[in-house]
Each structure stands twice: as structure tokens, then as C-alpha cells.
Amino acid sequence: MKSKGNYYEHVYEVTRQIPKGRVSTYGAIADYLGLGSARMVGWALKQSSLHGVPAHRVVNSKGELSGRHQFKHPEMMATLLQAENVEVKDSKVVDFKNCFWHPAEGLPY
């Protein structure tokens with residue numbers, strides 16, 4: 001388990017590691033950090049716009065773009081994902097299973 005330190009910074013650090021063209025979930029990040037719930041990750045990402053965090057790569061457990069309303073325009077999240085070759089239809093990642101990235105795949109904690 002990662003030390004508590006600054007929870008938001010831990011969330012941002014993990015989110016920055018999500019590869020382009022992949023997505024993760026609020027729950028996967030929370031589980032990986034062992035420091036809270038998916039909702040807490042969502043709160044952290046809601047505050048992330050000034051920290052260079054690719055929050056558009058974090059979706060809910062069904063692959064839905066549930067955070068889209070936190071962007072300047074709700075369609076911006078889909079646009080950013082599509083620019084990274086992630087197909088989105090009706091505010092949902094089309095091939096979620098193959099696009100999903102779990103932090104344990106590439107991070108050392």
C-alpha cells in the first residue's frame with residue numbers, strides 16, 4: 001500500500017502513467033493505491049485540470065465517460081480519447097475490455 005501523503009498527487013501520478021490509447025477506471029486506481037474509493041479518485045480528478053493530468057483516460061467500471069461533465073464541454077472527453085484512437089460511441093468506450101489498463105500492469109508500487 002502506498003503511503004497516504006497527498007492523495008490527490010498519488011492519483012495524478014498514476015493517471016499520468018495511463019498510456020495513450022488506453023483507459024483505466026476510478027476503481028482500478030483506488031484499488032491500486034489502496035487509499036480510498038473510486039469516488040475519491042473522481043474528486044481528485046475533478047481538481048486535476050491545472051496539473052497536466054490526462055483525466056480523459058479515466059472512465060467508470062462500465063467504460064462510460066462518467067466524468068465528461070467535468071470538462072469545459074461534455075464532448076471534450078470523447079474528442080480527446082478519439083484523438084488517441086480510442087473509439088467512443090454514445091459516451092462509452094467501444095472496446096473497453098481491450099482498451100482497459102490497470103495500474104498494476106506497469107507501475108512498481
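Could you please rank 72, 46, placing first whichever residue has the fewest other Cβ atoms within 10 Å of its Cβ?
Working: 72 7, 46 13.
Ascending number of Cβ neighbours within 10 Å: 72, 46.
Obtain the radius of gyration and the Kirkwood radius of the chain from its C-alpha atoms and give Rg over Rh.
Numbers: Rg = 12.7 Å, Rh = 13.6 Å.
Using Cα coordinates only, the ratio equals 0.93.
If we count other beta carbons within 10 Å of each Cβ, what is the order of 10, 51, 73, fewest first? Working shown, then result.
Details: 10 22, 51 16, 73 10.
Fewest-to-most ranking of 10, 51, 73: 73, 51, 10.
Would you calculate the separation in nanometres between label points at residue 6 and residue 83, each defined as 7 Å from the Cα along the Cα-to-beta-carbon direction?
Distance between the two pseudo-spin positions: 2.6 nm.
Just to be sure I understand the model, the point goes 7 Å from the Cα along the line to the Cβ. What's the resulting residue 20 to residue 51 distance in nm?
Roughly 2.3 nm, to one decimal.
Counting helices only, and only those DSSP H runs with n ≥ 4, report the 222 nm mean residue ellipticity of the chain as the sum of -39,500 (n - 2.57) divided by its residues, in deg cm²/dmol to the nearest 500. List each step's numbers first, then the result.
Values: 5 runs with 39 residues, N = 109.
Using -39500 (n - 2.57) per qualifying helix, the result is -9500 deg cm²/dmol.
Could you tell me which of 53, 80, 17 has its Cα farthest along the dipole of the chain towards the positive end, charges placed at Cβ (Lys, Arg +1; Asp, Glu -1), taken about the Cα centre?
53
Report the charge-dipole magnitude of the chain in Debye, nearest 20, computed about the Cα centre from +1 at each Lys and Arg Cβ and -1 at each Asp and Glu Cβ. The partial results should precede the final answer.
Working: 14 positive and 10 negative charges, 36 e Å.
Approximately 180 debye in magnitude.
With an 8 Å Cα cut-off and a minimum separation of 6 or more residues, compute the relative contact order for the chain in percent. It would help to have the intermediate numbers written out before the result.
Details: 156 pairs, mean separation 34.3, N = 109.
Relative contact order comes out at 31 percent.
Which cross-chain or sequence-distant (5 or more) residues have an amide H under 5 Å from the amide H of residue 100, H modelled 1.01 Å from N in plane?
Those qualifying (amide H under 5 Å, at least 5 residues apart or on another chain) are 23.
Using C-alpha positions alone, give me the convex hull volume of region 16-73 per residue in cubic angstrom. Could the numbers behind the result be given before it?
Numbers: hull volume 5.0 nm³, N = 58.
With only Cα atoms used, region 16-73 gives 86 Å³ per residue.
Using the Karplus curve 6.51 cos²θ - 1.76 cosθ + 1.60 with θ = phi - 60°, work out ³J(HN,Hα) for each residue of region 38-48 in order, rounded to whole Hz, and write x for Gly and Pro.
Rounded to whole hertz, the list is 4, 4, 5, 4, x, 5, 4, 5, 4, 9, 8.
A short reminder: the numbers here are calculations on the coordinates, not readings from a lab. Values in this document were obtained by computation on a predicted structure and should not be read as measured data. Every residue, glycine as well, gets a Cβ built from its backbone with ideal geometry; the counts of neighbours run over all protein chains shown.
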